[in-house]
Structure formats: C-alpha cells, structure tokens
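First comes the structure, then the notes that go with it.
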Amino acid sequence: MNIASSRNPAVASSKNPFVANSLNPNVASSLNPHVASSKNPFVASSLNPNIASSINPNVASSLNYHIASSLDPNVNSSINPNVASSINPNIASNIPGLFIFDLELNAVGFTVSATKQVFLIYSPSCEFVGLGIMARDGFWNVFDLDNNWIGFWIHARESSFVRFDLNLEWIGFTT
C-alpha cells in the first residue's frame, strides 16, 4: 500500500502510539477500556451490539451489507477500491479513509466510508474483509463478513483510533 508519509507511523512520530503517548492506551487511561468503563462495551450496554440491536447488522437490516445493496461493494462500485481508483491505496497514497495498522506498525488494511454510520474494511490487496458500525461518536464496532462482532475502535484524536479485540486487548490503531 502507498501510504503518505504524513500518515505513516513509521515516519510520522505524531502518528506512532509508541512515541505519541496520547495515542497509547497503556499510557492514556481515557483510551483504555479496562480503566474507562464508558468505553468498555461490556460495561456500557449502548456500545454492545449484542444488547443494542440498533448497532447490530444481524438485526438492523440497514447496516447489513448482505441486505443493503448500498453497503455491498459488489453492487456499489463507489465503495469498491478495485473499481474506484481514488479510494485504492495501491494507486492513491492519500486515500480519504483510514489506514489500519497492527502494533508492529505494519499496514494491515484500510477503510472506505459507505455512510455516516458504516465504513468498509479492506485488506492491503483490496479484499473486502469486514465493516465498522458507529455505536456513538468516537466509538465503532467492527464485524467480519459474517456479521460477527470481532472488536471495536476508540477515537484517540484527529483521524486516529485505537483498535481492540473482544478480550479488550489492544491490537492496533489507525491513521
């Protein structure tokens, strides 16, 4: 993937959570769901799609890409990076979506906005692998292609989010 240097945490220290403490949930307790219960979906029921049906794509058909054709990249070419070059990070280095990183600073994917409440997640090779659904401003739940809830993202600052799995383990971040 072509990542603009201003968004690459290996180059831009302000995007690197191991340098910028405000992006590190081990330092910034407000980003740590073990400490900040308002950001823990197992404590704050409004963030949990197993409880809040309005944020569950298995219940809310408008959030289910299997049902809502506007969310299906096989139907809606404007959200398919294999068709729309402006959202393909293998062609454009500064896509409008987020770049997704693991904790070793490896780019593991990117996002494409489908609606205000839904973004699609793609692998570096532009394979559709999941989606994010906004539970509230600054908190996104992540689902796989079978609509299984697999994690969540907490907004840190600007376009940076901290990524967690369902065991509340920090697994990565976005820029």
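Throughout, read-outs are computed from the coordinates displayed, never taken from laboratory work. Only a predicted model underlies this, so the values are computations on that prediction, with no experimental measurement involved. Virtual Cβ from ideal backbone geometry, glycine too; neighbours counted across all protein chains shown.
Run the simple label-point estimate for S22 and E158 please: 7 Å along Cα→C-beta, distance reported in nm.
0.9
Compute the length gained on full extension between K116 and N82: take 0.36 nm times their separation in residues and subtract their Cα-Cα distance, giving the result in nm to one decimal.
10.1 nm
Over the chain, calculate the relative contact order: mean separation of alpha carbon pairs under 8 Å at least 6 apart, over the residue count, as a percent.
Normalised by residue count, the contact order of the chain is 18 percent.
Find me the longest stretch of the chain that has none of the exposed chymotrypsin sites (Phe, Trp or Tyr not before Pro), where exposed means in a DSSP loop (not H, G, I, E or B) with at most 15 other Cβ atoms within 10 Å.
43-175
For the chain, with only Lys/Arg (+1) and Asp/Glu (-1) charged at the beta-carbon, what is the dipole magnitude about the Cα centre, in debye rounded to 20?
460
If you stretched the chain out fully between L145 and S6, how much longer would it get, using 0.36 nm times the residue separation minus the C-alpha to C-alpha distance?
My answer for the length gained is 47.0 nm.
Tell me, what are the semi-axes, in whole angstrom and largest first, of the equivalent ellipsoid of the chain as set by the roots of 5 times the Cα gyration tensor eigenvalues?
They are 24, 23, 11 Å, listed from largest to smallest.
Which shape class, rounded, prolate or oblate, goes with the stretch 25-102 when its Cα gyration tensor gives a ≥ b ≥ c as root eigenvalues, a/c under 1.5 marks rounded, and past that a/b bigger than b/c marks prolate?
Cα axes put the stretch 25-102 in the oblate bin.
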